[in-house]
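The structure appears below as structure tokens.
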Amino acid sequence: MLPEFASINPETKEEALAYLACLEDVRVIAGGTDLLVDLKRGGSCSNVVDVMNVAGLKGLSVAGGDIVIGSTVTHAALSRSTLLSDAARSLSVACGWIGSPQIRNMGTIGGNLVNASPAADSIPPLLVHDAVLSIESKAGGREEALEDFIVAPYETSLKPGELLTSVHIKGLPGYREGYRRIAKRAAWAISRLSVAWAVREADGRFIDVRLAIGSCTPMPFRPRNVEGFLRGKEKDDSTIGKAVAMVIGEIRRITGDRPSFVYKLPVVKDLVQKALRD
């Protein structure tokens, strides 16, 4: 059973921020696919502010060269968006893999980020696109890179009274993008590991490579040393082999050796090789 709590349903962003500023022991709910699970497992709170119907948090648009994603846009909507499939294909693909159809139609991009699961499918593609988050409170607003927003597994820099309102990314024209994951089942399961990529190449050389690895480390990450190594290198088996070894080395450096690496690391190797070879 769910614990007792007061449910507040603001109609505007300003109302939502006002409630967050004055209420104690308060949680935010949008799709509820993470919060309700937590409450059923023994979590508690006195107040829940439901932001799903706040118009100012919805929508997918282009502004100043950025793609702006409202924090309550669902995974299903993102997976179907032609704007996203053209400008950020890795994110579009990843959102189409999240949970079940029911979860994709309820769960939101903002909820996925605030939950900060190491296995969150949306995070690696957003890292590839250098996502910046808009965060607002009654006192004002701030922007923060996604890389800085997630500070530990299931922990973010979000402060009391703050609300994640939108996600900003830039398209990558001229790049080939993708996202692959491994789960216990083909669908409806949490990722055991994942790789997102965006690669730009010409005349047999890597011009720019962006990689993000999920589910292998406490937080999804960009192996920037590998990206720097690949920049300008010939696209051949030797270069790709060295890059893959560097990715594996970064995972081991961050986490040390784990029993699961017996099967995880060979799969990571295969996914990164395929991403670089296309």
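Among residues other than Pro3 with Cβ under 13 Å from its Cβ, the summed charge is 0 (Lys and Arg +1, Asp and Glu -1).
With a/c under 1.5 counting as rounded, go ahead and sort segment 1-143 into rounded, prolate or oblate using the C-alpha gyration tensor (a ≥ b ≥ c being the square roots of the eigenvalues; past the cut-off, prolate if a/b is larger than b/c, else oblate). Oblate shape, in that a/c is at least 1.5 and b/c is the bigger or equal ratio. Pairs from the list Lys40/Lys138; Lys58/Lys264; Lys58/Lys138; Lys40/Lys264; Lys242/Lys264; Lys233/Lys269 with a Cα-Cα gap above 25 Å: Lys40/Lys138; Lys58/Lys264; Lys40/Lys264.
Once each of the trypsin sites (Lys or Arg not before Pro) sitting in a DSSP loop with at most 10 other beta-carbon atoms within 10 Å is removed, the chain keeps 42-183 as its longest stretch. Pairs of Cα atoms nearer than 8 Å and 6+ residues apart set the relative contact order; for segment 179-277 it is 22 percent. An oblate overall shape is assigned to segment 6-50, the ratio a/c of its alpha-carbon gyration tensor axes (a ≥ b ≥ c) being 1.5 or greater and a/b not exceeding b/c.
A simple count of charges around Ala145, restricted to other residues whose Cβ falls under 12 Å of its Cβ and scoring Lys, Arg +1 and Asp, Glu -1, yields -3. Just add up the charged neighbours of Ala77: K/R +1, D/E -1, any other residue whose Cβ is under 10 Å from the Cβ of Ala77. After counting each charged neighbour, the total is +3.
Spatially, segment 141-179 and segment 39-92 are offset by 12 Å when compared through their Cα centroids. Across the chain, C-alpha contacts under 8 Å between residues 6 or more apart give a mean separation that, scaled by the residue count, equals a relative contact order of 15 percent.
If R0 equals 22 Å, the separation of the Cβ atoms of Lys242 and Val262 corresponds to a calculated FRET efficiency of about 0.45.
Rounded to the nearest whole Hz, the Karplus-based 3J(HN,Hα) values (6.51 cos²θ - 1.76 cosθ + 1.60, θ = phi - 60°) of segment 81-92 follow the sequence 5, 5, 4, 6, 5, 7, 9, 8, 4, 4, 5, 4, with x at glycine and proline. For the residues Val114, Val62, Val73, a GNM of the chain with alpha-carbon springs under 10 Å puts the largest fluctuation on Val62. Bridging of Lys13 to aspartates and glutamates at a Cα separation below 18 Å is possible for Asp50, Glu136, Glu143, Glu162, once same-chain residues fewer than 8 apart are set aside.
Each value in this text was obtained by applying a stated rule to the coordinates, not by laboratory testing. What you see is a predicted model, and the numbers here were worked out from it, not measured in a lab. Note: ideal-geometry Cβ built from the backbone for every residue, glycine included; neighbour counts use all protein chains shown.
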